[in-house]
Amino acid sequence: MTYKFKGKKFDEFDVGQEFTTASRTITEGDVSTFAGLSGDFNPLHTDEEHGKGTPFGGRIAHGLLAVAVSTGQANQLGIFEGTTIALLSMSFKYTGAVRFGDTIHTVLKVAEKKETSKPDKGVITFDVSTLNQKDESVVEGQWVIMLQREASS
C-alpha cells in the first residue's frame, strides 16, 4: 500500500477560503541559525548593544526568517502536500518587527483562481498574513502557486 498525499487539488479551493496555521515562537537560536545559513550577520539581528540604539530597542529577527517560517507553517497544514507543482511567485512587505520571543502564525486566504490551458493544472493566488501573538501583522504578501487539478474538471 502506498502513501496517499493529503494535499488539496486546485478544484478543492474556493475564493475567500481561509486557512490558519499553528503558532511558533521565534527564539535566539532560530535567529543565530538563520544568520549562519544565510550569511546575514547584520548587527540588527546579532548584536544586542547595537540593537539597543535602533528604533526597535534591541535585536530583531530577520524578515526573511519570518517568511521562511510562514512557508513551513503553511506546509504543516497539509493542504499543499503532494499537490503543489510549483511556487510561481512570492511577494511580501514587512509590516512589523519580529522580536525574540514573539510567537507567529500565518493566515492564507484564497484571493484568485485561474485555470490554465492544461486540464491537470491550475494557479491559485493566496493573500498571506503573518501575525504575532497580539495579532499584529509582521509580514503581508501574496503567494502564487500552481497546483494539480482533477483532469476531468
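The values are calculated or read from the model by the stated rules, or taken from the named source; none is laboratory data. Predicted model only: the values in this text are computed from it and were never measured. Here the Cβ positions follow ideal geometry from the backbone for every residue, glycine too, while neighbour counts run over all protein chains shown.
Odds and ends about this structure:
- The numbered conditions (1) farther than 30 Å from His45 by Cα; (2) surrounded by fewer than 16 Cβ atoms within 10 Å (Cβ to Cβ) are all true for Lys93 except (1).
- Cβ pairs under 6 Å, 6+ apart, first in region 112-133 and more than 10 Å from Val144 (Cα to Cα), second hydrophobic (A, V, I, L, M, F, W, C) and in a loop (DSSP other than H, G, I, E, B): Pro119/Ala151; Asp120/Ala151
- Residues (of a type in the set (Asp, Glu) and loosely packed, with under 14 Cβ neighbours inside 10 Å) located in region 48-90: Glu48, Glu49
- Qualifying residue in region 119-130 (condition: aliphatic (A, V, I, L, M), crowded, with 18+ Cβ neighbours inside 10 Å and under 16 Å from the mean Cα position of the chain (by Cα)): yes
- Some residue of region 100-109 being loosely packed, with under 15 Cβ neighbours inside 10 Å, over 21 Å from Glu81 (Cβ atoms) and among the β-branched types (Val, Ile, Thr): yes
- Scan of region 9-21 for residues that are among the charged types (D, E, K, R) and in a loop (DSSP other than H, G, I, E, B), ordered by number: Lys9, Asp14
- Qualifying positions in region 1-36 - under 26 Å from Gly78 (Cα atoms) and among the hydrophobic types (A, V, I, L, M, F, W, C): Met1, Phe5, Phe10, Phe13, Val15, Phe19, Ala22, Ile26, Val31, Phe34
- Arg59 in contact with a Phe, Trp or Tyr (Cβ under 8 Å, 6 or more places away or on another chain), of a type in the set (Lys, Arg) and modelled with pLDDT of 95 or more: yes
- Listed by position, the helices (runs of 4 or more DSSP H) enclosed by region 22-71 that each have at least 1 residues that are in contact (Cβ under 8 Å) with a residue 12 or more places away in the chain, touching a helix residue (DSSP H, G or I) at 6+ places or on another chain (Cβ under 8 Å) and not β-branched (Val, Ile, Thr) are 28-38, 43-46.
- Residues considered: Phe80, Phe5. Of these, the only one that is assigned to a loop (DSSP other than H, G, I, E, B) and modelled with pLDDT under 95 is Phe5.
- Criterion: of a type in the set (Lys, Arg) and part of a loop (DSSP other than H, G, I, E, B) - qualifying residue of Lys118, Lys113: Lys118
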